[in-house]
Amino acid sequence: MNPEKAANPENAEHAADAENAADASGPAAAPTGRVVLLTTSHRVAPGLLSWSAWQLLHAADDVLCADAAHPQLPYLREAGVEVREAAPSAHELVDACAGGRTVVVVATAEGDRRLTDGLATLAGSGRVAMPDLELLPASYDLPGARLLDLVQVMDRIRRECPWSSRQTHKGLAKYAIEEAYELVEAIEDGDRDELREELGDVLLQVVFHARIAEEASGEEGDEAFSVDDVAGGIVEKLIHRHPHVFGDDTALTPEDVKEHWLRTKAVEKQRESVTDGVPVGQPGLALAAKLGSRVRTAGLDVPAPGGEGIGYELLALALRAEADGVDPEAALRAAARAYRDAIRAAEGLGDQ
């Protein structure tokens, strides 16, 4: 007994109680050991495990894995960890921990539902001396990790789906437009669940087109590229156009940021005209507003062309709206939605 604790009457009393309890219960119960379920992410390169995971693997009395083709096994064995290919039952695993042994189970990609359910049943029965049960994530998904799943799924669909395998950039173009409009509608409706779904549909278009681009034939003059090239390009562009974030420039207001963006963009593009890069295929009001914005930003004095007819009247309205900071396309769409609601009300349909 620790002399310092024995010197304290209160500690001595507690110690005596503990010794009496031990005498009453007979010999101390045998240590029940420890079961650790080690999970890893298939989205992280095999072998990149946490330090705590490596320490556990090297110190464990037994390391088991039911999947002989588990991607981690070659790296574990290369690091000197002996792994047995086994799929024990819950009872067998508990028995393997007898005497205070530590057994690590490397979880398969599909999980070990049979084993975990069995352990839960044993623990709940109260009839078995259970080892300590632990879950140790050995590797974690980084933000954006599910994008890797999307790329893999798209790759398989492109190879095996009779419809998807025949699609081209031109054939899919209309879907990109449709999905963009559905995204805008979800934003305007304020529906968060719909917004999440529509963002996914737009993202699918990007990944689908990038997957098609991987198959470009050099003989046709088209250079192949992948989704990594797409992501790499936009990352480089974002860093270059945000010197106030990634460089030494300073921007304190949104206006400062816009000035940085426009100046950097002008250097990159080296355009001959302010109209260069304005897609003429966009909706008319949006096109008019974009042209008006380019003219105003460049400091040019270009009045709207004179002419008769509704087209010129709409052009003048769009330019006026843009100058006042109003998106004419969004404004007209909001008015049209209000008109749609009025029509449904007149039909007695309301918000159905």
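Structure above, values below:
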quantity: Exclusive hit being hydrophobic (A, V, I, L, M, F, W, C) and assigned to a loop (DSSP other than H, G, I, E, B), set A120, A53, A109; calculated: A109
quantity: Qualifying residue in segment 261-283 (condition: among the acidic types (D, E), surrounded by 13 or more Cβ atoms within 10 Å (Cβ to Cβ) and without any contact (Cβ under 8 Å) to a residue 12 or more places away in the chain); calculated: no
quantity: Residue match in segment 178-196 (condition: surrounded by 16 or more Cβ atoms within 10 Å (Cβ to Cβ) and either among the basic types (K, R) or in contact (Cβ under 8 Å) with a residue 24 or more places away in the chain (or both)); calculated: yes
quantity: Filtered residues of segment 90-114 (kept if on the phi > 0 side of the Ramachandran plot and at pLDDT 90 or above); calculated: G99, G100
quantity: Residue within segment 218-241 that is within 27 Å of L300 (Cα to Cα), open to solvent by less than 80 Å² (accessible area, probe 1.4 Å) and over 23 Å from the mean Cα position of the chain (by Cα) present; calculated: yes
quantity: Out of V184, V207, V245, sole residue that is at pLDDT 95 or above and assigned to a helix (DSSP H, G or I); calculated: V207
quantity: Complete set of residues in segment 67-86 that are of a type in the set (A, V, I, L, M, F, W, C), within 30 Å of A129 (Cα to Cα) and either in a strand (DSSP E or B) or in contact with a helix residue (DSSP H, G or I) (Cβ under 8 Å, 6 or more places away or on another chain) (or both); calculated: V81, V83
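Here's the yes/no breakdown for (1) out of contact with any strand residue (DSSP E or B) (no Cβ under 8 Å at 6 or more places or on another chain); (2) open to solvent by 80 Å² or more (accessible area, probe 1.4 Å); (3) part of a helix (DSSP H, G or I):
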residue: A289; (1), (2), (3): yes, no, yes
residue: L300; (1), (2), (3): yes, yes, no
residue: A304; (1), (2), (3): yes, no, no
residue: L315; (1), (2), (3): yes, no, yes
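The values are calculated or read from the model by the stated rules, or taken from the named source; none is laboratory data. Computed from a predicted model, the values in this text were never measured in an experiment. FYI the Cβ positions are ideal-geometry reconstructions off the backbone, even for glycines, and counts take in every protein chain you see. To get the accessible areas, we keep the full protein, side chains included, count just its heavy atoms, and leave off ligands, DNA and RNA. Shrake-Rupley method; radii C 1.70, N 1.55, O 1.52, S 1.80 Å.
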